[in-house]
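Readers should treat all values here as calculations from the given coordinates under stated rules, not as data from a laboratory. Remember, it's a predicted structure, so these values are computed and weren't measured experimentally. Using ideal geometry, Cβ is built from the backbone for each residue, glycine included, and neighbour counts are taken over all protein chains shown.
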Amino acid sequence: MTKTILITGSTDGIGLLTATKLAADGHNVLLHGRSQPKLEAAATAVGGDVETYAADLSDLSAVRELAESIRAKHGKLDVLINNAGVLKTPQTVLENGQDIRFVVNTLAPFLLTELLLPIIPADGRVVNLSSAAQAPVNLKAMQGNVPLTDMEAYAQSKLAITIWTREWSKSLSDAPVMVAVNPGSLLASKMVKEGFGLTGNDMNIGADILIDAALGERFADASGAYFDNDSGAFSDPHAAALDKGHAADVMNTIKELVNQTN
Ligand SMILES: NC(=O)c1ccc[n+]([C@@H]2O[C@H](COP(=O)([O-])OP(=O)(O)OC[C@H]3O[C@@H](n4cnc5c(N)ncnc54)[C@H](OP(=O)(O)O)[C@@H]3O)[C@@H](O)[C@H]2O)c1
C-alpha cells in the first residue's frame with residue numbers, strides 16, 4: 001500500500017538514498033532540507049512529482065512552520081523519519097545560546113514529532129536516527145552553558161533522542177510505533193567524510209534499515225525500542241538511557257528548552 005512518508009534531511013546521504021528507494025517503490029515521499037537548491041536537486045534525483053519542504057532545523061520556529069505547511073497539505077502522515085542530523089558545523093552555538101547539535105539532533109525532531117503526531121495514524125511510525133555514538137547527557141551543555149567538542153555533543157544528542165524515543169513511547173497507547181535506529185556506523189555520507197575523513201561503508205546499509213523500520217513487520221511492535229544495525233538486532237542503548245533519573249532529567253530539559261521557543 002502507498003504510504004506518505006516525510007524524511008527530514010533528505011537532501012543528502014542516508015536520507016536522500018532512503019527517499020529515492022521509497023519513491024521508486026511507489027510511496028509518496030515528502031522531501032525536507034535546509035537548502036532550496038539542494039532540495040531541487042534532490043527532487044530531480046528522486047524523480048516524479050515529489051513535494052519539497054525547506055526549513056532550517058536549528059531554528060525551532062522554522063520547525064513549527066514546517067509542521068504547519070505539512071499539516072496544511074496532509075490530513076495523514078504514515079511515517080515520519082527524523083533523519084536530519086549534524087556532527088560538524090562551523091557555528092556550534094545559536095544566537096539564543098543553545099547548542100546547535102542538540103537543537104538539530106534532539107530538540108527539532110522532538111518538536112516536529114509533537115506537532116505531527118495528531119496526523120500520524122496508530123499504525124504509523126516515527127523513526128528516529130540514533131547512532132552507536134552515545135554518551136550521558138550533560139544537561140548544562142544541552143542548555144548551552146557548557147561548550148562541547150563535536151563528538152561529545154553528537155554522542156550526547158544521540159543518546160538524548162534515544163531517551164526521548166523510549167520515554168515518550170511509554171506514555172502512548174493506540175499510537176504510532178516510535179523507534180530509535182542506529183543505521184550502521186561510518187556509512188559513506190557527507191557527515192562521515194567531513195567528520196572522519198573516511199570514504200565509509202555502503203549507505204544502502206542505512207537506507208535499507210530505515211525502510212524496514214518505517215514499513216517492515218519486525219518493527220510493528222517495537223515502540224520504544226533501540227535497533228542497532230551494527231549488530232543487526234534490537235538491543236539496549238547506552239546504560240545511561242536506562243537510568244530512570246537521567247532519563248527523567250533529560251526529558252524535563254528537552255521539554256523546557258522546546259517550550260522556551262514557544
Ligand atoms: N553516516 C553514518 O555512518 C551515520 C551513523 C549513525 C547515525 N547517522 C545519522 O544518520 C542521519 C543522516 O546522516 P548522514 O550520515 O546521511 O549525513 P549527511 O549526509 O550529512 O545528511 C544529513 C542531512 O541532514 C540535513 N541537515 C543537517 N543540518 C540541518 C539543519 N540545520 N536543518 C535542516 N537539515 C539539516 C542535511 O542537509 P544538507 O544537505 O543541507 O547538509 C542532510 O540532508 C543523521 O541523523 C546521522 O546522525 C549516520
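Annotations
- Compared with the direct C-alpha span, the chain from Val93 to Glu194 gains 34.4 nm at full extension, assuming 0.36 nm per residue.
- Environment charge at Ile163 (Cβ cut-off 14 Å; Lys +1, Arg +1, Asp -1, Glu -1): +1
- Of every Cα-Cα pair in the chain, the percent that sits beyond 23 Å: 46
- Within-14-Å neighbourhood charge of Leu172 [Cβ basis; K, R +1; D, E -1]: -2
- Summed side-chain charge close to Ala132 - residues other than Ala132 whose Cβ falls under 11 Å, Lys, Arg +1, Asp, Glu -1: -1
- Sequence-separation-based contact order of segment 184-262, relative, with Cα cut under 8 Å and 6+ spacing, percent: 18
- Residue among Ser231, Thr89, Thr113 farthest towards the positive dipole end of the chain, charges placed on Cβ: Thr89
- Rounded to the nearest 20 debye, dipole of segment 49-99 from Cβ charges on Lys, Arg, Asp, Glu: 140
- Size of charge dipole - the chain - debye, nearest 20, with Cβ of Lys, Arg +1 and Asp, Glu -1, no other charges: 180
- Note on Arg101, Arg166, Arg64: ascending count of other Cβ atoms within 10 Å places them as Arg64, Arg166, Arg101, the fewest first.
- Relative contact order [Cα under 8 Å, 6+ residues apart], the chain, whole percent: 19
- With the simple model of a label 7 Å out from the Cα in the direction of the Cβ, Ala24 to Phe234 spans 3.0 nm.
- Whole-number D in µm² s⁻¹ for segment 99-201, Kirkwood Cα-pair radius fed into Stokes-Einstein, 20 °C, 1.002 mPa s: 146
- Residue exposure proxy: Leu117, Leu187, ordered by other Cβ atoms within 10 angstrom of their Cβ from fewest to most, comes out as Leu117, Leu187.
- With neighbour counts taken as other beta-carbon atoms within 10 Å, the residues Thr261, Thr44, Thr162 rank, fewest first, as Thr44, Thr261, Thr162.
- Cα centroid separation, segment 1-37 to segment 182-204 (Å): 19
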